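Every read-out reported here was derived from the displayed coordinates using simple, explicitly stated rules and does not represent laboratory data. Since we're looking at a predicted model, the values are computed, not measured. Glycine also receives a Cβ, built like all others from the backbone with ideal geometry; neighbour counts cover every protein chain displayed.
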Protein chains: 2
Amino acid sequence: MVKQYSVLNQEQGVLEVVERQLSDLNLSPIRVPIDVERLGSHPMFAPVPWGYDHKYNLVSVLNPGASGKSLVFNGHLDVVPATPFEMWTQRANEPWRDSEWLYGRGSGDMQSGVAAMIYAVQAVREAGAEIRSPLTIQTVVEEECTGNGALACVERGYDGDFVLIPEPFGPTIYSGQLGVMWFKVLCQGTPVHVQDTSAGEDAIERLLLLIPALKDLEAELNEHHRVPPYDQMEHPFNLNVGKISGGDWASSVPAHAEFEARLSFPPGMTASQFMQMVSDRIESEPYTATSCHAVFAKQRPVVRFEGFRSEGHLIDV
Amino acid sequence: MVKQYSVLNQEQGVLEVVERQLSDLNLSPIRVPIDVERLGSHPMFAPVPWGYDHKYNLVSVLNPGASGKSLVFNGHLDVVPATPFEMWTQRANEPWRDSEWLYGRGSGDMQSGVAAMIYAVQAVREAGAEIRSPLTIQTVVEEECTGNGALACVERGYDGDFVLIPEPFGPTIYSGQLGVMWFKVLCQGTPVHVQDTSAGEDAIERLLLLIPALKDLEAELNEHHRVPPYDQMEHPFNLNVGKISGGDWASSVPAHAEFEARLSFPPGMTASQFMQMVSDRIESEPYTATSCHAVFAKQRPVVRFEGFRSEGHLIDV
């Protein structure tokens, strides 16, 4: 699995490995597509600019219809990019061992977990014990960016009373989760020759003015929106400007710039409420205009919500 | 020529068009390579991360060895990127006319000029007049990023007493020029999961701290380094952060970020003196450390000088 470098939209290799493994273990894998026709209107669906024709989740159902509480094993097959590769001491998708540890992108988060949950079933069988309760194995795509893979499984009814997710967190009962939102912020500029930079409008400079506006929102969340148990944590809501790009030439005033960011939000706040808060900071005059009215007078920046649109939740355990 | 979108390292199409034109007009084009073996040690050579095996300049020499002052017509064939294309109302490399004006990337800067200087020779001939003095036509690559094309021509002896450059500046006698320097600034970070951003070091945030350091240098140049005639101009030295990129994933603390910038400097200051000034601002503790010592304590940012390394000059006319 680690050898298959399963970043976004390159999941085919790892899906083939897992499908073959499930088949070899007589676990009858079912391909569960991410069907945008069905899921597109689901309130938890995360809109994305790519398509879903060529990827799917793999599900294996044991003892359907049996009595007793039902259990789901859920793990994801996708990994986040391992770039820049030159910061690795070895090849990122060539697994290696160092005494007890397996290295290589995805071995920690969470392909070891996926292997463990599948082989746990096999181990029980080989030990001669019988699994009688309903048990569903879900191996999903896009845990790292949308959650649309797991959503598709649940929406098709591959659900249960309990779920065990062998993410590398140690043995923990998860009773809550923050909301997570991804978004892009885009600015245009007016490109001119660098000889007279003041004649143009610098898209990178304009874009960078908006990071403080989002830092303000992050601070506001941490000051005024801490529902328990997050009131006990020092800084539960984190903004990450994870990717930036802008301009195309050192000697041209940049005409376009954008960043991609992730910001978490409290349980109880809906995704649409939070999207409005983000949009207000970026697109609405009362916020960004306070410090930089003139800069954005002619053309406002734009926010595009793509990827995670996951609301938080709290369960009373 | 405009149809050939001749951005950096895609100059082949326009070179073929111009070579054919020069041949058709009996102007016997000579290919002048950019020979790094010869030019690499030239003090004016601009080091670059790409190679020169597949591009060249085109030169045509009339009346070599004739008596009289010699004239050079010089024009460049390369264009700066026209991206983002969606800001164009028509296709950037599909020329179109609007009454008296020709549009399309390169038609202004400066392929009309190149066409005009070549056809000026032809027009004089067709008028029945004879050109008797030495005249060299130089059409060069990489005017927009290094100057290595024109340097190669001069180093091979394709030089003259006067030069006419039909850039779109109107009829002007150029008696001076600012120095121009390109450089990249690179920062690494420590990538971590966004759940605990404070555990990592954000390469984008680190990088952005360095733009004010360069703005300081720009201000210092404009305050304290204005030799005449630049003392008469409002803001002769301009910094342009023209390109930025960093990070690879909205939910990962960015591990790498860099920008490409251009900054001009006064005649009389050598390229190496100026490079030292830029390096000091970015890499040396006394400058960047004043405001952000802790951030750069473990790992300094790096400056890489690629592209323009052109000193300024002043000629007494």
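Here are the numbers for this structure:
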read-out	value
Zero-based 20 Å bins, Cα pair distances in chain A, whole percents	27, 52, 19, 2
Label 7 Å beyond Cα on the Cβ vector: A:V124 copy-to-copy distances, nm	9.3
Nm distances between copies for A:L25, ranked from closest, using label points 7 Å along Cα→Cβ	7.5
Trypsin sites (Lys or Arg not before Pro), loop per DSSP, at most 12 other Cβ atoms within 10 Å - longest free stretch of chain A	A:133-297
Surrounding net charge for B:E143, when Lys and Arg each add one and Asp and Glu each subtract one, Cβ distance under 15 Å	-2
Gyration tensor (Cα) of region B:98-223, equivalent ellipsoid semi-axes in angstrom	47, 19, 15
Ascending count of other beta-carbon atoms within 10 Å, so fewest first, for B:W249, B:W101	B:W101, B:W249
Distance from region B:36-85 to region B:117-158 (C-alpha centre basis), Å	10
Sequence-distant residues sharing a close amide H with B:L164 (under 5 Å, placed H)	B:V72, B:F73, B:N74
Around B:V2: net Lys/Arg minus Asp/Glu count, Cβ-Cβ under 12 Å	+2
Overall dimensions of region A:176-314 as given by Cα atoms, namely Rg and Dmax in Å	16.7, 57
Minimum Cβ-to-axis distance in chain A for the rotation onto chain B, with residue, whole Å	A:S245, 2
Inter-copy label distances at B:G13 (7 Å, Cα→Cβ; nm, one decimal)	3.4
Spherically averaged projected area in nm², based on the convex hull that wraps the Cα atoms of region A:33-113	9.2
Hydrodynamic radius of region A:12-164 per Kirkwood, over alpha carbon pairs, in Å	16.8
222 nm mean residue ellipticity, helices alone, for the protein assembly as shown (DSSP H n ≥ 4; -39,500 (n - 2.57); rounded to 500)	-8000 deg cm²/dmol
Around B:G113: net Lys/Arg minus Asp/Glu count, Cβ-Cβ under 15 Å	-4
Distant alpha-carbon pairs in region B:229-279 (separation over 13 angstrom), percent	71
q = 0.12 Å⁻¹: log10 I(q)/I(0) that the Debye formula gives for the protein assembly as shown, counting C-alpha atoms only	-1.26
Chain A: relative contact order as a whole-number percent, Cα under 8 Å and 6+ apart	21
